[in-house]
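Structure first, commentary second.
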Amino acid sequence: MLTLGVNIDHTATIRQARRTVEPDPVAAAVLAELGGADGITVHLREDRRHIQDRDVQVLRETVRTHLNLEMAPTEEMVAIALNLKPDYVTLVPERREEVTTEGGLNLLGDMPRYSRIVEQLQGANIPVSWFIDPDGEQIEAAADTQAQFIELHTGKYADAEGETRRSQELEGLKKGCAKAISLGLRVNAGHGLTYWNVYPVACIPGMEELNIGHTIISRAVLVGMERAVREMKLAMQGKV
Ligand code: PXP
């Protein structure tokens, strides 16, 4: 059955905007699980822009579903993952200036190093997922590293303008998914998925998990607004 990994990074983005303690992504994870999340995803960035080291430590203790740690394939992050033992790791490219992860990793850039990272993590029973574009060569390279999973980057599909471009991108995702499965990989997908574009991706045969963040946090802010304002009015009357 297709599962949903809820990426809670942007609860931490709101907290870090004020360097305060609210909203706590740990509380967001509990509520996401109550809502039916099958997994919790967080990206511990090198620049610690949103999720902090403390968050991943507490989440490791409190998440009742599974914890997917997104991180760059660097020595620092591998050491953190080996210590934390998330349920799986998704390796993503990272540039300090980017607003968000901008595309899949280029595995062809450094296969010996990437294979070593997979060996280190999977040797410690932490399955590895490569975040890559639905590109035949990248999928083959991911299989060559012996990683158990890939996460197909759905950003180009999400950004495609017009029905023709969008169905071309969707076709690429379908082909990529089928190819990965034929090579023994398990397949997740994510990035840029919304309430409006998720369904065709959810229908791709063999897809296991969708990792979705921004659109869920955005909706949570809006659907929670009325109640939050009502509760502030009560607080102003000393009733909260
Ligand atoms: N998957 C990966 C690898 C990501 O880097 C992100 C964004 O952090 C997501 C999924 C979730 O993307 P979005 O926030 O656009 O749903």
Ala147 vs. criteria in a loop (DSSP other than H, G, I, E, B) and under 19 Å from the mean Cα position of the chain (by Cα): yes
Flag if Ala142 is under 18 Å from the mean Cα position of the chain (by Cα) and either under 16 Å from Leu69 (Cα atoms) or not in a helix (DSSP H, G or I) (or both): no
Where Glu208 falls short, out of the listed (1) of a type in the set (D, E, K, R); (2) away from the ligand (no atom under 16 Å from the Cβ); (3) under 15 Å from the mean Cα position of the chain (by Cα): (2)
Matching entry among Pro134, Pro112 (being touching a strand residue (DSSP E or B) at 6+ places or on another chain (Cβ under 6 Å) and either open to solvent by 20 Å² or more (accessible area, probe 1.4 Å) or closer than 21 Å to Leu193 by Cα (or both)): Pro134
Unique match (being open to solvent by 20 Å² or more (accessible area, probe 1.4 Å) and either in contact with a strand residue (DSSP E or B) (Cβ under 8 Å, 6 or more places away or on another chain) or not polar (S, T, N, Q) (or both)) among Ala189, Ala228: Ala228
Pairs, first open to solvent by 20 Å² or more (accessible area, probe 1.4 Å) and assigned to a helix (DSSP H, G or I) in segment 198-222, second within 12 Å of the ligand (Cβ to nearest atom) and at pLDDT below 95, C-beta under 9 Å, six or more apart: His214/Thr100
One residue from Val198, Val240 being more than 19 Å from Glu102 (Cβ to Cβ), in contact with a helix residue (DSSP H, G or I) (Cβ under 9 Å, 6 or more places away or on another chain) and within 16 Å of the ligand (Cβ to nearest atom): Val198
Test: Gly155 is touching a strand residue (DSSP E or B) at 6+ places or on another chain (Cβ under 8 Å), closer than 22 Å to Ile40 by Cα and not charged (D, E, K, R): no
Residue check for Glu76: assigned to a helix (DSSP H, G or I), over 22 Å from Ala27 (Cα atoms), away from the ligand (no atom under 16 Å from the Cβ) and open to solvent by 20 Å² or more (accessible area, probe 1.4 Å): yes
Residue within segment 14-27 that is among the hydrophobic types (A, V, I, L, M, F, W, C), open to solvent by less than 10 Å² (accessible area, probe 1.4 Å) and at negative phi present: no
Members of segment 138-184 found to be away from the ligand (no atom under 15 Å from the Cβ) and under 16 Å from Tyr114 (Cα atoms), listed by number: Ile139, Glu140, Ala141, Ala143, Asp144, Thr145, Gln146, Gln148
Flag for Leu170 being out of contact with any Ser or Thr (no Cβ under 7 Å at 6 or more places or on another chain) and either part of a helix (DSSP H, G or I) or over 24 Å from Ala142 (Cα atoms) (or both): yes
Sole exception among (1) in a loop (DSSP other than H, G, I, E, B); (2) touching a residue at least 24 places away in the same chain (Cβ under 8 Å); (3) within 12 Å of the ligand (Cβ to nearest atom) for Phe131, by number: (1)
Residue match in segment 83-96 (condition: over 13 Å from the mean Cα position of the chain (by Cα), free of Cβ contacts under 8 Å to residues at least 24 places away in the same chain and in a loop (DSSP other than H, G, I, E, B)): yes
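The values are calculated or read from the model by the stated rules, or taken from the named source; none is laboratory data. Values in this document were obtained by computation on a predicted structure and should not be read as measured data. Reconstructed Cβ throughout: ideal geometry from the backbone, glycine too, with neighbour counts over all protein chains shown. Only protein heavy atoms, including side chains, enter the accessible area calculation; ligands, DNA and RNA are left aside. Shrake-Rupley method; radii C 1.70, N 1.55, O 1.52, S 1.80 Å.
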